[in-house]
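> This is the structure, below, for whatever I ask next.
None of the figures in this text is laboratory data; all of them are computed from the coordinates on show. These figures come from a predicted structure and were not determined experimentally. For neighbour counting, all protein chains shown are included, and Cβ atoms are generated from backbone atoms with ideal geometry for every residue, glycine included.
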Amino acid sequence: MSELFNTLKFTFRPKITRQLRRLALGTLSLTLLLTACKDENDAAQPPVPDVSGIKVNATFRRFDRDMFAIDTTRFMAGMAALQANYPAFLPFFITNIAHDPTQPQEKPEDALRGFITAPQVRRLNDTCQVHFADLTEFQRDVADVLRYFKHYFPQRREPVTVTAVTEFIGDAFMVNDTTMMIGLDMFLGANFEGYNPDIFPQYIRDQFTPNHMIIKYAFELANSSIAPPAKDNVIDHVVRNGKVLYMMDCLLPNTPDSLLIGYTAEQLAGCFANEKGLWARILDMKVLYEPLSTKNMKIVTAGPSTDNVFQEAPGQVGNWMGWQIVRAYMKRHPGTTFAELNQLNDAQQFLEKAKYKPRGQ
């Protein structure tokens, strides 16, 4: 259970049929525009460095267009060309997205051919091409995020962004250290008729808009950069997930906290107003030093609420608390780099050094 921070987390699940591809998503019921300013209740913000002089290579590859441009009458030649242009991504795509798991002996070429010739997939691609004919604005957003990323991780290469149509399998995923996949079909709008409400409840569909693409991108970049928790106890996940949110804040410094964690402005204000009570309730539950289980995992996993803490508490409230703990630590130790932050894997010791004091009554 080392990756249970699912606010934006992309996860592959086994597929029953080509029509029932799944994505393990969390909640991002966002109601504000991405261009909004920081919320009034946002506190202890990380200092914003000047990154205007940092040059980055925000490369985009339209795999979606290249794949569906294959001439099916010369399929093997087209697949060979695709392999030459996407040597690492194509095998990943075939194995995790195009392949039908009910056909374990399916050859890669049959998986790809079946995917791109399926009528429902072709219709979905047509819709994506209309909605995302021009990704210039998103590319500018990515370039801004990468400038901050390069500032904090100067030795890391900027990932190439590869766009794809996944038939509802994934929104954003770091394929490897140098490739980020964006599933365009996961950003067609909360009311897009293709999203099955039995698979994607409303609180999940609320995040399926173009405005969420850069947040998904920043989350996946942060989530792949922060080390997993050293132990499976709740406190270890709370602190680790707080680090991810803190890094997202650094990558998107002008984005409201509510957007970063997927709360409404009212939910975020409620967390700040009741921070002391929330922390006291979690301590009273005596679950911080227990392994994750069905009894306590709501604290650090996505959902419409964390009703085992308080009925009105928004989902994954423990991760929000972890964010405040990390902010408290960084305020006391402002010279800490992300490389150093990553190495602080003793959650109890981290909590003690943070000297976290929740606000509120």
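> Find, among the chymotrypsin sites (Phe, Trp or Tyr not before Pro) in region 265-361, those assigned to loop by DSSP (not H, G, I, E, B) with at most 14 other beta-carbon atoms within 10 angstrom.
Qualifying residues, ordered by number: Tyr289.
> Quick one: Arg332, Arg62, fewest Cβ neighbours within 10 Å first, how do they rank?
Result, fewest neighbours first: Arg332, Arg62.
> Between Thr255, Thr73, Thr95, which gets the highest mean-square fluctuation from a Gaussian network model of the chain, Cα cutoff 10 Å?
Largest GNM mean-square fluctuation: Thr73.
> Quick one: pull the percentage of alpha-carbon pairs in region 60-222 with a separation above 26 Å.
Working: 3874 of 13203 pairs.
More than 26 Å apart: 29 percent of the Cα pairs in region 60-222.
> Further, regarding this structure: Over region 234-354, what is the mean sequence separation of C-alpha contacts under 8 Å (at least six apart), divided by residue count, expressed as relative contact order in percent? The partial results should precede the final answer.
Details: 126 pairs, mean separation 40.9, N = 121.
About 34 percent, as a whole number.
> Could you give the length gained by full extension between Asp126 and Gln103, i.e. 0.36 nm per residue of separation minus their alpha carbon distance, to one decimal place? Kindly include the intermediate steps, with their values, before the conclusion.
On the way: separation 23, 0.36 × 23 = 8.28 nm, distance 2.68 nm.
My answer for the length gained is 5.6 nm.
> Related question: Under a point spin-label approximation (7 Å from Cα along Cα-to-Cβ), what is the Ala88-His333 distance to one decimal in nm?
With each label point 7 Å from Cα toward Cβ, the separation is 3.1 nm.
> Next up: Only bridges with both residues in the chain count here: give the DSSP antiparallel percent, nearest 5.
Of all bridge pairs located within the chain, approximately 45 percent are antiparallel.
> Once you have the Cα-Cα distance between Asp134 and Lys231, take 0.36 nm times their residue separation minus that, and quote the gain in nm to one decimal. Can you show the working numbers first?
Values: separation 97, 0.36 × 97 = 34.92 nm, distance 4.37 nm.
Separation in residues times 0.36 nm, less the Cα-Cα distance, equals 30.5 nm.
> Then there's this: Quick check on region 60-222: of the DSSP beta bridges with both residues there, what percent are antiparallel, nearest 5%? Mind showing how you got there, number by number?
Values: 4 of 12 bridges.
Taking every DSSP beta bridge with both residues in region 60-222, the antiparallel ones total about 35 percent.
> Ranked by Cβ crowding within 10 angstrom, fewest neighbours first, how are Ser225, Ser258 ordered?
The most exposed by this proxy come first: Ser225, Ser258.
> In region 234-354, if the dipole is taken from +1 on Lys/Arg beta carbons and -1 on Asp/Glu beta carbons about the Cα centre, which of Trp320, Asn342, Asn296 is farthest to the positive end?
The residue sitting farthest along the positive end of the dipole is Asn342.
> Right, next: For region 149-243, what does the alpha-carbon gyration tensor say about shape, rounded, prolate or oblate, given a ≥ b ≥ c as the root eigenvalues, a/c under 1.5 as rounded, and a/b over b/c as prolate?
The shape class here is oblate.
> Okay, moving on. For a test of the definition: using alpha carbon positions, the gyration tensor, and the 1.5 limit on a/c, classify region 234-354 as rounded, prolate or oblate.
Because a/c hits 1.5 or more and a/b fails to exceed b/c, region 234-354 counts as oblate.
> Which residues in region 315-339 have a backbone N closer than 20 Å to a point placed 7 Å from the Cα of Arg281 along the Cα-to-Cβ line?
315-325
> Would you calculate, for the chain, the mean residue ellipticity at 222 nm contributed by helices, counting each DSSP H stretch of 4 or more residues as -39,500 (n - 2.57) and dividing by all residues, to the nearest 500?
Calculated mean residue ellipticity at 222 nm is -12000 deg cm²/dmol.
> Given +1 on the Cβ of Lys and Arg, -1 on the Cβ of Asp and Glu, and no further charges, what dipole in debye does the chain carry about its Cα centre, rounded to the nearest 20? Working shown, then result.
Values: 38 positive and 39 negative charges, 128 e Å.
The dipole magnitude comes to about 620 debye.
> Mind checking which lysines have their C-alpha under 17 Å from Lys107, skipping anything on the same chain fewer than 8 residues away?
Answer for Lys107, where 17 Å is the Cα cut-off: Lys15, listed by chain and number.
> Between Thr294 and Ser224, how many nm apart are label points set 7 Å from Cα along the C-beta direction?
According to this spin-label approximation, the distance is 3.4 nm.
> Work out the FRET efficiency for Gln343 and Ala81 from their Cβ-Cβ distance, taking R0 = 45 Å, and round it to the nearest 0.05.
With a Förster radius of 45 Å, E is 0.55.
> Greater than 26 Å separation of Cα atoms is the criterion. Which listed pairs, Lys150/Lys357; Lys150/Lys231; Lys216/Lys286; Lys286/Lys355, meet it?
From Lys150/Lys357; Lys150/Lys231; Lys216/Lys286; Lys286/Lys355, over 26 Å: Lys150/Lys357; Lys150/Lys231; Lys216/Lys286.
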